[in-house]
Amino acid sequence: MSGNSSVEFIKEIKKITVQIGDSVHVLSGSDVTIVCSAHGTPPPVTTWRWNGRQVISGSRRGQLIIKELSDGSRLTVQQFTSENVGQYECVASNTRGADRVASRITALGVYFFVFLVRIIPPPRILGTLR
């Protein structure tokens, strides 16, 4: 398995799919899917790790979902937030050995600015001078 080293900036909340090995910055609230392709004989079994801890599908309030594929697996992080930032690692292993590759994913915050405008009327003359 091998990955690319690239950075992609996302400007709107949407679904994002990356190949394992890519490093990306995503907007908070986006769904992020990482695809890990693994080939071998016998066919390898893939597992996922996040910041060194094993990922279990449905963990962390249902935000992490693992889908087994015929040639690897897919990890989806729903509504990615700063709590999900870190290194996601795919480990593929069979009776002949193991291989691993990782992606680093960071969150970009969504900021809203509110400007308060106070309109001050011009002065008025209430009377006349004599």
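Among the residues of segment 73-95, are any on the phi > 0 side of the Ramachandran plot, among the small types (G, A, S) and either free of Cβ contacts under 8 Å to residues at least 12 places away in the same chain or touching a Leu at 6+ places or on another chain (Cβ under 8 Å) (or both)?
no
Hey, among the residues in segment 1-33 that are under 18 Å from V101 (Cα atoms) and touching a Lys or Arg at 6+ places or on another chain (Cβ under 7 Å), which one's modelled with the lowest pLDDT?
In this case the residue turns out to be S23.
Do we find that S73 is of a type in the set (S, T, N, Q) and modelled with pLDDT under 90 in this structure?
no
The values are calculated or read from the model by the stated rules, or taken from the named source; none is laboratory data. All figures in this text were calculated on a predicted structure; none of them were measured in a lab. Cβ sites come from the backbone with ideal geometry, for glycine too, and all protein chains shown count toward neighbours.
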